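Enquirer: Sharing a structure here in structure tokens format.
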Amino acid sequence: MKGTLLGTGSPVPLPDRAGTSILVSVGGEKLLFDCGPGTVTRLLENGINPGSIDRLFFTHHHIDHNADFYNFVVANWARGDSQGALRIHGPSPWTDSLLESLYDIYEEDIEYREDVGYPTSGIWDIETSPINHGSVVETDRWRVEARAVDHSIETYGYRITDEETGHEIAFSGDTRKCDSVISLAEGADVLVQDCCIAPVTADPPSNSETFVWDTYTEAMPDEKREGLHQTHCDPTEAGEIAAAAGVETVVLTHLLPYRDEEVMQDAASSAFDGTVIVAEDGLEIGTETVDVTAKER
Ligand SMILES: [Zn+2]
Ligand SMILES: [Zn+2]
């Protein structure tokens, strides 16, 4: 099993951090978790055919997790292979609404593309299914389990198991620190953890040379920070979750612009003895980048 962090950013657009998206290759299939802005571009940058994705799972329907949906679905269809149409899993009814809105808005566009030679299947036959707390989606080669986590809207974390090797990757989704995300990650090899709250770097870029989101070059006001704490984690909490869950490695993701990654790493390490990695777009987990080893089960 291999995970690729395609997008590791937040709702604030950045050139070097796309919106949230994680590709997991397992048992000969490709599973995509979230489809934030920039997902298709990142797939291409990583040499991955968008049409080779078999399933899409949504953690929740915030813009930084689903904004590339239309672009992705049409690219998936255009370069689809013979494994059948995309299957989509996510919170109901919004996952259905997203697909229905694509059909509503782009009906003529889709028909035009059919006329000019797009594949004869792979668009109208896309299937969706709702995710609830405890939902399991599985084949004989992999298993994905969903747990409700604690965010501002209905949100699920996912635990992906490679049935052949026993390797497990847990993905927190967006969440505050809660028991559910700890049990989601319990005993997994790698936890990819929301870490949206973190201090600003001491040396943020200057607006004189390039466009910069000024708001994010200064420390967040206490009130805003406390508000964010109701829906996201900071690095110390990420470390505490990783320690309580007993994972080998925690990857800190969902970064706001201009964060101090060294401070993030130290804060997480103060609570967790395992490996701490601050995510970057393109980071691979389950390969030599992170030593994921099978554990006794
Ligand atoms: Zn969110
Ligand atoms: Zn988010």
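Enquirer: If I ask for residues that are touching a residue at least 24 places away in the same chain (Cβ under 8 Å) and of a type in the set (S, T, N, Q), which ones from the range 173-207 would you list?
Expert: Across the range 173-207, the qualifying residues are Thr175, Ser180, Ser183, Gln193, Thr201.
Enquirer: Can you tell me how many residues in the range 44-99 are within 16 Å of ligand 1 (Cβ to nearest atom) and among the hydroxyl-bearing types (Ser, Thr, Tyr)?
Expert: Number satisfying all stated conditions: 2.
Enquirer: How about the range 150-197: which of its residues are part of a strand (DSSP E or B) and more than 16 Å from ligand 2 (Cβ to nearest atom)? Walk me through it before giving the result.
Expert: Applying the first criterion (part of a strand (DSSP E or B)) to the range 150-197 yields 156-162, 168-171, 190-194.
If the condition is that a residue be part of a strand (DSSP E or B) and more than 16 Å from ligand 2 (Cβ to nearest atom), then Arg159, Ile160, Thr161, Asp162, Glu168, Ile169, Ala170, Val190, Leu191 are the ones that fit.
Enquirer: May I pose another question? Contact list please: Cβ distance under 6 Å, first residue in the range 29-47 and closer than 24 Å to Glu138 by Cβ, second residue in a strand (DSSP E or B) and of a type in the set (Lys, Arg), pairs at least six apart or on different chains.
Expert: Qualifying pairs under 6 Å: Leu31/Arg55.
Enquirer: Same structure, new question: Do we have any residue at all in the range 40-57 that's assigned to a loop (DSSP other than H, G, I, E, B) and within 16 Å of ligand 2 (Cβ to nearest atom)?
Expert: No, that holds for no residue.
Enquirer: Can you find, within the range 275-297, the residue that is modelled with the lowest pLDDT among those that are surrounded by 18 or more Cβ atoms within 10 Å (Cβ to Cβ) and of a type outside the set (A, V, I, L, M)?
Expert: Gly286
Enquirer: Of the numbered conditions (1) under 10 Å from the mean Cα position of the chain (by Cα); (2) surrounded by fewer than 24 Cβ atoms within 10 Å (Cβ to Cβ), Leu32 satisfies every one except a single condition; which is it?
Expert: Every condition holds for Leu32 apart from (2).
Enquirer: A further question on this structure: Looking for whichever is within 25 Å of Asp162 (Cβ to Cβ) and at pLDDT 95 or above here; the options are Val263, Val200, Val247. Which one fits?
Expert: Details: Val263 fails: within 25 Å of Asp162 (Cβ to Cβ); Val200 fails: within 25 Å of Asp162 (Cβ to Cβ).
Just one listed residue meets the conditions, Val247.
Enquirer: Can you give me the number of residues within the range 130-149 that are in contact with a Gly (Cβ under 9 Å, 6 or more places away or on another chain) and not in a loop (DSSP other than H, G, I, E, B)?
Expert: Just the residues of the range 130-149 that are in contact with a Gly (Cβ under 9 Å, 6 or more places away or on another chain), to begin with: 130-131, 139-142, 145-149.
Within this subset, residues satisfying the condition of being not in a loop (DSSP other than H, G, I, E, B) are 130, 142, 145-148.
Qualifying residue count for the region: 6.
The values are calculated or read from the model by the stated rules, or taken from the named source; none is laboratory data. Being a predicted model, the structure only gives us computed values, none of them experimental. Note that we place each Cβ from the backbone using ideal geometry, even for glycine, and neighbour counts take in every protein chain shown.
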